[in-house]
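The values are calculated or read from the model by the stated rules, or taken from the named source; none is laboratory data. As the structure is a prediction and not an experimental result, all values here were calculated from the model. No Cβ is skipped: glycine too gets one built from the backbone with ideal geometry, and neighbour counts run over all protein chains shown.
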Amino acid sequence: MTDTGSPRSSALRRRLSQINPVWVLLVLLIAAIIFMNPRFVEPTGYMNFLKRAAPLAILAAGQVYVIVSGGFDLSVGSLITLVVVGSSMLTNNDPAATYWVIPLMLTMGLGVGAINGLIVCFLRVPSLIATLGMMITLNGLAFLWSGGAPRGYLPDTFRFFGRELIRDVPLVRFIPVSVLVLIVVVGVFAWAMHRTNLGRHIHAIGDNPVAARLAGVPVNRVRITAFMISGLSGAIAGILLGGFAGVSTDVGAGYELQAITAAVLGGAQLLGGKGSVPAAFGGALALTAIFTLLNFLGLPQPVRQVVQGLILIAAVALAMHRRKQTGT
Amino acid sequence: MRHIIVATSALAISALPLHAQNFNDPEEFAKQQEQLQAEPMGPEGQPWLQHIGDSMVETADLGVEAPATVCFSNAGVNNPWRVVGYTNMTEEVANHESIENFIHVDAEGSDDKQIADIDDLLAGGDCDVMIVSPNTTAALTPAVERACEAMPVIVFDRGVNTDCPVTFVHPVGGYGFGIQGAEFIVDNVEEGSNVLMLRILPGVDVLETRYSAGRRILDEAGMNIVGAEFTDGDNAKTKSIVEDYLQRGEIDAVWMDAGATAVAAIEAFEDSGYDIPVFVGEDQQDFLRKWQEEDMTAIAPTYPTYQWRTAVIAAARVIEGEAVPGPEWVLPQPAITQDNLDEFVNPAMPPLHYAMCGCEEMENYPEAWGGN
Amino acid sequence: MTAPMIAMNGITKSFPGVRALSDVSFDVRAGEVQALVGENGAGKSTLIKILSGVYHADAGEVHMNGEAVHFAHPVESLRAGIAVIYQEFSLLPERSVAQNLFLGREPRTRLGLIDTSRMRAEAREVLSLFAAAGHIDPDSLVGSLNVATQQVVEIAKAVSTGARVVVMDEPTAALNETECEELFATVDTLRNRGVAIIYITHRMREIARLADRVTVLKDGEVAASFDTLPSPDAIVRAMVGRDIEDFFAPKAKPDEIGDPVLTVRGAGNDVLRDIDLDIRAGEIVALAGIQGAGRVALAMALFGEAPFATGDVTLAGEAVSFRSARAAIAGGIGLLPGDRKSEGLVLMQSVRDNGMLTSRAFAPLWTSDQRNDNADTTRMDALLDQMEIRAASYEQDIRALSGGNQQKAIVARWLSMRPKLLIFIEPTRGIDVNSKAGIYHLMRDLAREGAGILMISSDLPEVIGVADRVLVMQSGRIVAEFPHDASEQDIMHAATAETEVAA
Amino acid sequence: MSIASDTRPTRKGFRFDRWAPLLLLGGAFSIYVAVAIATGQTQYLTFDNLIAILGRSIALGITAIGQTFVILVASIDLSVASLISATAVLASVVMDGSPAMILPAVLAAIALGGIVGLANGLVIIGLKVNPLIATLGMSLIIQGCLSAFVSNFAGEVPSAFQVFAYGEVGPFPFALLFLAALAVLAWGVLRFTKFGSDMYAVGGNEEAARFAGIKTGRIVILSHIICSVCASIAGLYLASRLRSGAPWIGSDGVYDLESIAVVVIGGTILAGGRGGIWGTMAGMLIFSLIDSVFNIAGVDSYAKQVLRGVIIVAAVAFYAINSKRIVA
């Protein structure tokens, strides 16, 4: 091979270089999983995978909003805990309660996001610290509310979204409800991020907040909205996780960093200005695929941590390298 | 692809433990096996007052006078087991007029903080007796030693590496827990059956001993152990792990080193369309209810929360100058079986309530424990 | 004749896809000011970066005092005595003047620790060389000084390194007329001390005032080199290949000027006092004045960023009181900020997104970004075409564009809003000569379409060339008004004269 | 020139942010005294008790000193908690009860800190990876490697080494004096050395620092090495205090997030270039006082968490609320 490729091959190369590497990574990981476990191609295999990835993917899609707007949201993990614990307190195994508890929890997610946004916008506390404080506070609130351990069961109506399947679907045999939720949420979030004025403004305020303000962008409203969307994603993820796995006290812990990791794997730029919801979704699937693969390989937890750390650093280093090469 | 596998396996091999601690002590195993069978001394039906073995410690000469201040350095109330236990404790305190003041400091799961807490209590707490529930055995030993120099100390749950406390309150122990569950599996499935072992975390002594005892019995009985996985006590992860195993083959029995995620594991069978196999859980209400509803073949070994009551009782006896079982107060460690399941299931109690609490007769039951 | 202090011979430098410099030769002698002029992109910055060791030439040599030198890093050139003063200040606002002056080369005690007392004394000594800096306290934080004083500190920093060559890259960009005079005096001081000065500028007046020799770069080559001071026309011809005649757009004809768009009566706040102001449809009004006279404060007050506390403002016949930029925009005011990169552009977004930013800001958040009441993508693309913005695609990130094209995209942003009043702050700062003319004509076109335009500029020829009317501010007040044919002297006088203190 | 201009000039105006940490500390101390008096527990106001409070957070203080260095250069270090665990385990395994091995163990621990800091710095500078991601990845790698080898307390610290944590000099614990000495040393480095001055320059304006001939990459790397070495000293202290090292002691103490919170409460800004050691020490004391107030007042541990979250946000808002800077 020589360096002087034909024009067609160089055009192809350029198009290839525009593909977000997260998709390449995801395809490789899925191929490896199928190689290790051929039954992954059956609906039970990949639907279980998607079901498992759903909460993280939704969180990552919400986190992208905050990251592109220039901040971080560390409070979503604790928010999940609060949603699960709070729902169990409020429903207490009463199936009818679901119909007001779920809207209430979604509202609570929006409310927590709004408070995060207000603290950042008006008290001028950097979001890293503001949402760290919120993380500690929400965790404490979850314990305070429940007295240390959740005091109710989650009724099956509540758990429907995280646990049930829709059977007899052509082609795929069955679809978990959570996968439907995932598709709808990611779809709506992607639309709002990449096809609406809101999405453009989130990019703008993460890119240059002063210029955005002087151009008339309602910076505070947009920033608060970004945090509210992240809070909403936390509440939805909490409802799915509570549905999938039932009540426990430490559900949600660590999800905030995984969500940031997934968004970064998808190429979101920390400190704002660039990022994509579909790519964050890809990042979340890739992260889940890594965990699944390591699980199939039977590797102990410590090795998983090491691999996760290495991939995280490598992904960002690669992104920086590409950015430098393309000169942008 | 092959490179990746080779590289990762190399990583895995290089990750073999450097220092395997001795959590497989045949002597201790035998001792606990014996204690499980032993007839406890003390009032029947009140296991928190009973003790295995008859050695006693006199406390009249410790110089504490009623009424007195009891200080409690708590490792934390960061899981439902400790929440139930701590409720037992505060309710028990109300039963003792000799305890005038009860000061509680919470280390929130940090060794460093617990050491600082004990130092704070020694410096300014005006304590007469101290109860310590150590976060870890080794780390808290020096702090407890210093406390011993100042006042009588009672330790419970995890121990310390010193015999200076008046007594160390604990149930039979981890080997006992492991034995009860594994023997139940051996009795209920055929030789060579597939057993999945689910564990919470590596390295925690009480959990490691449960596993080593369980493993020993299952191995000796010729069971096929398909895997031993860590779940981090995370429901979602537990469910995922069990689902993955079910994709690969059948499972005849599940052994768990703690019951917190038992219901999630059961749901994995349900949701994947399998029958629920023989199960080892723990005495949490959600598991007991599921067991009753689904008519499962199951057992719930316990690590009873009533030991939190016993610690207060021991402190009160020290104040009153009565003898206490010591230097170790070994409490009985009953398991919940099909025979007595109905006694312990109580739909009024919260899902994560530990049924073996010995608290049913207490004054504020069930409200104080979150029941209704 | 002694060897030049710096001689650069046959310098060639290429970047991927671009030849930035080809065979450029250039020299400067001790005790002279060599002006380096050229449009943006002509290669001035690249040449300086090669001199200071930021870049390495592909071919050619640099001689210093007759000896060949190779600087691998800016530090090496600094050690050799070449100090570069960049447009963006390289001062640390949170550190003291002394700490800034000796940044990276602090005097040490025998123990290797920083000798703070010596540092303070030496700082005072260096500052006393400059008439404008005698009063600066070496312990005060740089962030608490005004921009002009910071500029002096910046130059003092270069001098204190014992530099024998000082490169100044558009040093007057942020300065007003009086401050410029102070700077020129400072440059004279340097020249008299035998320092070789390379002075990069766009402004003919500065060349006339300061330069001993002039070198003009165009498209990476030396277009002309003058050993004596040439006429401004000669320089412009060398730079752009055409005459200065059609540089400015024609002034408004009387019938083009309509009713008042903006009326301000007795307005004031912390900074501004007794502001009376009228701007009519179709006219361009320039605000002149020295730095700190309140010109930007007036713009920000009109734009709602730092609102008036007292007085009445009428916009197109309606009484208004804007408390935020957003409210002002909604009311029909637009503003092009003075610092494009930090206040105007969202650099990582596309050219089209930058153009549509404001129209989208006034559409509902949850509606499509493709069209709104004020703009849609097709019309925006047409507008960008019409303004002759040079970009590979309007999807391209705007940061890759030249300053002039970036500025046009911001103008497009406001065009789609059809503002009644448009405020331009330093509209041509850092923009090359060709693009400047384009911006001036755009401003005139806007006025003809019925907008009132307020321009703030520190470039007096620009003020006189563009404005139909000139207002002069001093100490937060408007102190004088001139018709379009005012002279630079009149304006300078009004801007700096002592005013009577109001009783 | 008048005489007045020759005398030492006074700084014009009251620099609020310089005094804010002291104000906060004073506030925290007043609350402590008020609570002790209000609850009638004046025994908590003795000298012994104040010393006990000062000694509460030695490990946090040592870590926070290191964290101050990296935050001043506009970086951040999330790997300190894992590193603390790793060095504590390493030291206690190397010593294994033998006094002769103290020196090698201490050197090994500090060397490990140095290597980790160097690696962090190289990844951040060389690969241009965002420091948050780089050190988060590093944290996962360290924790993974560590848990692969040990899962419980490992090794033993000889009693001679326990002097570090338990020894006393007159009425003062040795560790407290050590912390004070370390703080003075750090202050001296920041105030009187070229390195310290360069750090402020790099954090304040990286480009200006580079053009002033400062090797900015080297400064950032060196700051990371200092941070990691401080963390390894904190690990040694904990090994001495706990008599052994375990792989969870760092993460249980939440030293990563708490050290950042302490630094920020102490008035060092996350954007870099402003702040100092004494603010950090004030921040550490504020944390200790808050803990003690909670203990004296018998605040329920869940409410404690809620309050702690609120206090972190409120303290940072105390500085930030008047700033004009837009944060995200």
Helices (runs of 4 or more DSSP H) wholly in the range D:95-196 with at least 2 residues that are under 30 Å from B:Leu201 (Cβ atoms) and within 14 Å of chain B (Cβ to nearest Cβ) - which ones? D:131-149, D:163-166
Suppose we filter the range B:273-295 for residues that are over 21 Å from the mean Cα position of the chain (by Cα) and either of a type in the set (Val, Ile, Thr) or not assigned by TED's automatic domain parsing to the domain that holds B:Met197 (or both); how many remain? 2
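Residues are listed down the side, and each one gets a yes or a no for (1) charged (D, E, K, R); (2) in a loop (DSSP other than H, G, I, E, B); (3) away from every other protein chain (no Cβ under 12 Å):
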residue: A:Ser230; (1), (2), (3): no, no, yes
residue: A:Ile239; (1), (2), (3): no, no, yes
residue: A:Asp250; (1), (2), (3): yes, yes, no
residue: A:Val264; (1), (2), (3): no, no, no
residue: A:Gly272; (1), (2), (3): no, yes, no
residue: A:Phe281; (1), (2), (3): no, no, yes
residue: A:Thr288; (1), (2), (3): no, no, no
Is one or more of the residues making up the range B:73-81 at pLDDT below 85, surrounded by 12 or more Cβ atoms within 10 Å (Cβ to Cβ) and within 30 Å of A:Phe35 (Cα to Cα)? no
What are the residue pairs meeting all of these: first residue in the range A:148-165, first residue away from every other protein chain (no Cβ under 11 Å), second residue aliphatic (A, V, I, L, M) and buried (at least 24 other Cβ atoms within 10 Å of the Cβ), Cβ atoms under 9 Å, and 6 or more apart or on different chains? A:Phe158/A:Val101; A:Phe158/A:Ile239; A:Phe161/A:Ile236; A:Phe161/A:Ile239; A:Phe161/A:Leu240
Those residues of the range C:166-180 which are in contact with a Lys or Arg (Cβ under 9 Å, 6 or more places away or on another chain) and either part of a strand (DSSP E or B) or not polar (S, T, N, Q) (or both) amount to C:Asp169, C:Glu170, C:Ala173, C:Ala174, C:Cys180
Tabulated pairs, the range D:248-262, first over 18 Å from A:Met134 (Cα atoms), second of a type outside the set (D, E, K, R) and at pLDDT below 90, C-beta under 7 angstrom, 6+ apart or interchain: D:Ile249/D:Leu242; D:Asp252/B:Gly109; D:Asp252/B:Ser110; D:Gly253/B:Ser110
Filtering helices (runs of 4 or more DSSP H) wholly in the range D:204-292 for at least 1 residues that are of a type in the set (Lys, Arg) gives D:206-211, D:216-242
Of the residues in the range A:130-161, how many are touching a His at 6+ places or on another chain (Cβ under 9 Å) and within 20 Å of A:Ala114 (Cβ to Cβ)? 0
Is the range A:85-92 home to any residue that is at pLDDT below 95, within 18 Å of B:Lys237 (Cβ to Cβ) and not hydrophobic (A, V, I, L, M, F, W, C)? no
Of all residues being of a type in the set (A, V, I, L, M) and more than 25 Å from C:Leu229 (Cβ to Cβ) in the range C:1-20, which is modelled with the lowest pLDDT? Just the residue, please. C:Val18
Given the criteria within 26 Å of C:Arg203 (Cα to Cα), touching a Leu at 6+ places or on another chain (Cβ under 9 Å) and outside any helix (DSSP H, G or I), does C:Ala42 qualify? yes
Identify the single condition in (1) more than 7 Å from every other protein chain (Cβ to nearest Cβ); (2) buried (at least 20 other Cβ atoms within 10 Å of the Cβ) that D:Ile214 does not satisfy, given that it satisfies every other one. (1)
If B:Asp283 satisfies every condition in (1) surrounded by 23 or more Cβ atoms within 10 Å (Cβ to Cβ); (2) at pLDDT 95 or above but one, which is the exception? (2)
On the basis of being farther than 21 Å from D:Ile277 by Cα and within 14 Å of chain C (Cβ to nearest Cβ), does D:Ala246 make the cut? no
Hey, which of the strands (runs of 3 or more DSSP E) in the range C:54-151, taking only ones fully inside, have at least 1 residues that are away from chain D (no Cβ under 13 Å)? C:59-64, C:67-69
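Residue by residue, here is whether (1) small (Gly, Ala, Ser); (2) crowded, with 24+ Cβ neighbours inside 10 Å holds:
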{"residue": "A:Phe49", "(1), (2)": "no, no"}
{"residue": "A:Ala57", "(1), (2)": "yes, yes"}
{"residue": "A:Val68", "(1), (2)": "no, yes"}
{"residue": "A:Gly71", "(1), (2)": "yes, yes"}
{"residue": "A:Leu79", "(1), (2)": "no, yes"}
{"residue": "A:Val85", "(1), (2)": "no, yes"}
Qualifying positions in the range D:271-328 - touching a residue at least 40 places away in the same chain (Cβ under 8 Å), among the hydrophobic types (A, V, I, L, M, F, W, C), within 11 Å of chain A (Cβ to nearest Cβ) and crowded, with 18+ Cβ neighbours inside 10 Å: D:Ile312, D:Ala315, D:Val316, D:Phe318
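Residue by residue, here is whether (1) in contact (Cβ under 8 Å) with a residue 60 or more places away in the chain; (2) outside the structural domain of C:Ile453 (by TED's automatic domain parsing); (3) within 19 Å of the chain's Cα centre (by Cα); (4) in a helix (DSSP H, G or I) holds:
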| position | (1), (2), (3), (4) |
| --- | --- |
| C:Gly266 | no, no, no, no |
| C:Leu272 | yes, no, no, no |
| C:Asp276 | yes, no, no, no |
| C:Gly282 | yes, no, no, no |
| C:Val285 | yes, no, no, no |
| C:Gly292 | yes, no, yes, no |
| C:Val296 | yes, no, yes, yes |
Step by step: first the residues of the range C:338-384, then only those that are over 23 Å from C:Ile423 (Cα atoms) and among the acidic types (Asp, Glu), then the one that is surrounded by the most Cβ atoms within 10 Å (Cβ to Cβ). Which residue is that? C:Asp369
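In this structure, does C:Ala252 turn out to be without any contact (Cβ under 8 Å) to a residue 40 or more places away in the chain, aliphatic (A, V, I, L, M) and farther than 15 Å from C:Ile423 by Cβ?
no
Please go through the range C:381-399 and give me each residue that is of a type in the set (A, V, I, L, M) and over 28 Å from the mean Cα position of the chain (by Cα), ordered by number.
The one that is of a type in the set (A, V, I, L, M) and over 28 Å from the mean Cα position of the chain (by Cα): C:Ala382.
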Could you check the range C:226-246 and list, in sequence order, the residues that are buried (at least 16 other Cβ atoms within 10 Å of the Cβ) and either modelled with pLDDT of 75 or more or part of a helix (DSSP H, G or I) (or both)? C:Phe226, C:Leu229, C:Pro230, C:Ile235, C:Val236, C:Arg237, C:Ala238, C:Met239, C:Val240
All but one of (1) out of contact with any Leu (no Cβ under 8 Å at 6 or more places or on another chain); (2) crowded, with 22+ Cβ neighbours inside 10 Å hold for B:Ser55; state the number of the condition that does not hold. (2)
If a residue has to be facing chain A (nearest Cβ under 7 Å) and either in a helix (DSSP H, G or I) or at pLDDT 95 or above (or both) to count, how many in the range C:347-363 make the cut? 5
